[in-house]
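Here the structure comes first, spelled out in structure tokens, and everything after it is commentary.
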Amino acid sequence: MSSRRTFIQSAIGAATVLGGASRLLGVNRKRASDRPNDSTPLPVNTPDVQALSFTIDNGVKVFQLTAEPVKRKIAPWKTIDCWGFNGSCPGPTIQVNQGDRVRLILENHLPESTAIHWHGLEIPYAMDGMPYLSQKPIAPGSRFAYEFTVHQNGTFFYHSHSPMQQMMGMVGLFILHPQQAHTPAVDHDFGVVLQEWAVLPNNTVPNTANMEWNWLTFNGAVSPMTTPLIVRLGSRVRIRFVNIGMDHHPIHLHGHTFVVTGTEAGRQPETMWGPMNTVLVGVAQARDIEFVANNPGEWMLHCHMPHHNMNAMSDLLGDRMMMTTDTEDDRALRQMQSLADDVGFEHVHHAPIAAGANQVPGFPQDAFMDMGMDEAVAKPQNNGLPRNWSAMMMGMMSLVRVLPPDLYDDVMRDIRNGYISPASSATDHSNHHHEGGGE
């Protein structure tokens, strides 16, 4: 197999033919997908969150939802006690088609009453999920069946209509697929739920009355535990963002220009599309972005609020706060090694600092923040990333991996086989071996 460098050079050459209008709209682009046709919508992939299955009852799609306490591992060293649905936070992704009749049966396993609001859906008043208005609150141990016909399409979501329950995590994606796929058709379709948490050191329960957040997640995980989005070079990609927190999030994608094609109210007309590389996802909003993945590499996708690019560093060491002033090289290494020993990964030395750095006003800032933990977050989607790739991946972020066809096929085969590449061979795709034989 050729080296990573050879693959990337070849990919850059191929990308040069994907210029002009195809950069944004995918017009006249070469097919980069195995999808059978352009008219059937693709299922949405929500990394780290499962899709909700259903049964059919006389033509009605029936979904079972259980509101319940959930333990969610958001970082290799941090598990929180939150609330969600079906053992998941955010809740499992619901996907239906425009025109479907759906029945969603909620069983309440919480210690208090609840109800579900179907955010943005135009449905009968009795199904709206507003306690004391459209329905009685669903008592603990009780159930309620929501039933309606879907006539819209786009990116929607469901959530408890009790504010503190929302901040405990009770939200999930609700995707309404159009009867025919929108044009230009996409080859990859992803969903990402943005959430915020206030969890004090040595605590596991979020403080839902707090106005300052120290943990910020994509689909219930902080980077580097978030699962990268794997796409084939030249493919058209859609990413759907939903925000049910307390902060607005400017989401930035490296290396590509995109257009915003949808909101929480559905598809936008093309006359409203314009080139962007950062989209503001406001509270209670959804934003769909689309782009042609014509630039090979491992591209960051992240909130651009500076403090949202961090995990809670004061929480790393339990009851021992990490000082941010007058910090020496060896002391910082010892502090970080304590976490590495607890979690079980090799702590690689942080980036170099200047001699006499502590004499410079303001030092340190990011000097001791990098914390590579490749082994602790190893998964097939990370295979082939350079050694210590996770060092500066913190907070509300993930990766969009735009891979040339051969590398894309390798990683997708690894995902199907559940194969995780050893850390020692993660520095180069030429050392990327596979187990499990052929397909």
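The values are calculated or read from the model by the stated rules, or taken from the named source; none is laboratory data. Fair warning: this is a prediction, and the values are worked out from it, not measured in the lab. Don't worry about glycine lacking a Cβ; one is built from the backbone with ideal geometry, like all the others, and counts go over all protein chains shown. In case anyone asks, the SASA skips ligands and DNA or RNA and just uses the protein heavy atoms, side chains included. Shrake-Rupley method; radii C 1.70, N 1.55, O 1.52, S 1.80 Å.
In this structure, is PHE174 more than 15 Å from GLY395 (Cβ to Cβ), more than 12 Å from the chain's Cα centre (by Cα) and open to solvent by less than 20 Å² (accessible area, probe 1.4 Å)? So PHE174 fits the description; yes. For GLN337, the conditions (1) touching a His at 6+ places or on another chain (Cβ under 7 Å); (2) open to solvent by less than 50 Å² (accessible area, probe 1.4 Å) all hold with the exception of (2). Exactly one residue among GLY384, GLY372, GLY395 is open to solvent by less than 40 Å² (accessible area, probe 1.4 Å), closer than 18 Å to VAL343 by Cα and touching an Asp or Glu at 6+ places or on another chain (Cβ under 9 Å), and that residue is GLY372. If you go through region 72-105 and keep only what is surrounded by fewer than 17 Cβ atoms within 10 Å (Cβ to Cβ), in a strand (DSSP E or B) and within 18 Å of the chain's Cα centre (by Cα), you end up with LYS73, THR79.
Remark: pairs (first residue in region 370-384, closer than 12 Å to ILE420 by Cα and in a loop (DSSP other than H, G, I, E, B); second residue among the polar types (S, T, N, Q) and open to solvent by less than 10 Å² (accessible area, probe 1.4 Å); Cβ separation under 6 Å; 6+ apart in sequence or on different chains) = ASP374/SER390.
The residues on offer are ARG401, ARG387, and the sole one that is at pLDDT below 95 and basic (Lys, Arg) is ARG387. Pairs are defined by a Cβ separation below 6 Å, a sequence spacing of at least 6 or placement on different chains, a first member in region 116-127 that is on the phi > 0 side of the Ramachandran plot, and a second member that is open to solvent by less than 30 Å² (accessible area, probe 1.4 Å); the pairs so defined are GLY120/PHE156. Looking only at region 10-27, decide whether some residue is closer than 29 Å to PRO404 by Cβ, at pLDDT 95 or above, assigned to a loop (DSSP other than H, G, I, E, B) and of a type outside the set (A, V, I, L, M). Within region 10-27, not a single residue is closer than 29 Å to PRO404 by Cβ, at pLDDT 95 or above, assigned to a loop (DSSP other than H, G, I, E, B) and of a type outside the set (A, V, I, L, M). If the condition is being outside any helix (DSSP H, G or I) and within 16 Å of PRO76 (Cα to Cα), then region 333-368 contributes GLY344, PHE345, GLU346, HIS347. Among the residues of region 127-150, write down those that are over 9 Å from GLU107 (Cα atoms), surrounded by 13 or more Cβ atoms within 10 Å (Cβ to Cβ) and among the charged types (D, E, K, R). Passing the criteria: ASP128, GLU147.
If you go through region 65-82 and keep only what is of a type in the set (A, V, I, L, M, F, W, C) and in contact with a strand residue (DSSP E or B) (Cβ under 7 Å, 6 or more places away or on another chain), you end up with LEU65, ALA67, VAL70, ILE74, ILE80, CYS82.
For region 108-126, residues that are within 18 Å of GLY172 (Cα to Cα) and open to solvent by 50 Å² or more (accessible area, probe 1.4 Å) total 2.
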